[in-house]
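Scroll down for the structure; my scribbles are underneath it.
The values are calculated or read from the model by the stated rules, or taken from the named source; none is laboratory data. Computed from a predicted model, the values in this text were never measured in an experiment. Ideal geometry is used to build each Cβ from the backbone, glycine not excepted, and the neighbour counts take in all protein chains shown.
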Amino acid sequence: MKQWLSDFADKFYLNFIAQNRYLLLLNGLKITIYVTLGAVILGILLGVIVALMRISKNRILSGIAEVYLTVIRGTPSLIQLMIIYYVVFSGIRISQVLVAIIAFGINSGAYVGEIVRAGIQSIDKGQTEASRSLGLNHAQTMLYIILPQAFRNILPALANEVITLMKETSIVGYIALQDLTRAGDYIRSRTFNAYMPLLAVAVIYLGMTMLLSAVFKNIERRMHKNDSH
């Protein structure tokens, strides 16, 4: 047991303390959080727009939304990331973090769009008719009556999408972005010890997942508490 603890301490020092390698993980975590937050915001904005286009009576708008959903959901997020970086922004000086946010935001927007659409369609049509009879136009009805209720209904599904998106950002290393996963792999390549740095990365992701789950559960609980009042 004593020998095992001594070996563990040596490996821990080699992987995280020596040459301040723990800073690589911290900086990588920072990049992962930036990309996730940016992509979530963009994804939700796109998702709402796509959902409204999908339920629109305008065939052109609904057709555009359908094509977007088909293409994005039918191709791997890694391929989308690489196309946006190496093709769309080829030869243009742009932050890799911004490219990652755009790529994952566009990808997430397709899934959020379907989630929001399902949430909107779950609201009783009588509420739309009632709000219109009170003098609210279509935009006001959607903004003040339908979307707030739809958001409450889709919160669990939206939470799952955010968590999934955060884990999917682990592929940003393909565009040479030093995120959390890439930091762990870099440490592994320097210490020739895969177990400890990759386990550390896995534990950090698990911690972030649990934190996000707790945050969304708290929001959901507060919303239900307000409804009961």
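Before we move on, is TYR22 more than 15 Å from the chain's Cα centre (by Cα), among the aromatic types (Phe, Trp, Tyr) and exposed (fewer than 14 other Cβ atoms within 10 Å of the Cβ)? No.
Looking at the stretch 53-62, can you tell me whether even one residue there is surrounded by 11 or more Cβ atoms within 10 Å (Cβ to Cβ) and either in contact with a Leu (Cβ under 7 Å, 6 or more places away or on another chain) or within 23 Å of GLY173 (Cβ to Cβ) (or both)?
Within the stretch 53-62, one or more residues are surrounded by 11 or more Cβ atoms within 10 Å (Cβ to Cβ) and either in contact with a Leu (Cβ under 7 Å, 6 or more places away or on another chain) or within 23 Å of GLY173 (Cβ to Cβ) (or both).
The combined condition, being surrounded by 14 or more Cβ atoms within 10 Å (Cβ to Cβ) and either in contact with a His (Cβ under 8 Å, 6 or more places away or on another chain) or not hydroxyl-bearing (Ser, Thr, Tyr) (or both), is fulfilled by LEU29. Of ILE115, ILE84, ILE94, all but one fail to be without any contact (Cβ under 8 Å) to a residue 24 or more places away in the chain, assigned to a helix (DSSP H, G or I) and either surrounded by fewer than 21 Cβ atoms within 10 Å (Cβ to Cβ) or hydrophobic (A, V, I, L, M, F, W, C) (or both); the exception is ILE84. Scanning the stretch 42-81 for residues that are assigned to a loop (DSSP other than H, G, I, E, B), of a type outside the set (S, T, N, Q) and either within 17 Å of the chain's Cα centre (by Cα) or modelled with pLDDT of 95 or more (or both) turns up GLY74, PRO76.
Kindly evaluate LYS217 against the criterion of being within 20 Å of VAL40 (Cβ to Cβ), within 16 Å of the chain's Cα centre (by Cα) and of a type in the set (Lys, Arg).
Values: within 20 Å of VAL40 (Cβ to Cβ): yes; within 16 Å of the chain's Cα centre (by Cα): no; of a type in the set (Lys, Arg): yes.
Considered against the rule, which asks whether it is within 20 Å of VAL40 (Cβ to Cβ), within 16 Å of the chain's Cα centre (by Cα) and of a type in the set (Lys, Arg), LYS217 comes out as no.
On the basis of being among the small types (Gly, Ala, Ser) and at pLDDT below 95, does ALA130 make the cut? Taking the combined requirement at face value, the residue satisfies it.
Within the stretch 63-81, the set of residues being loosely packed, with under 15 Cβ neighbours inside 10 Å and closer than 24 Å to ALA51 by Cβ comprises GLY63, GLU66, VAL67, THR70, VAL71, ARG73, GLY74, THR75, PRO76. Scan the stretch 177-229 for residues that are outside any helix (DSSP H, G or I) and without any contact (Cβ under 8 Å) to a residue 24 or more places away in the chain and jot them down. The answer is PHE192, ALA194, HIS229.
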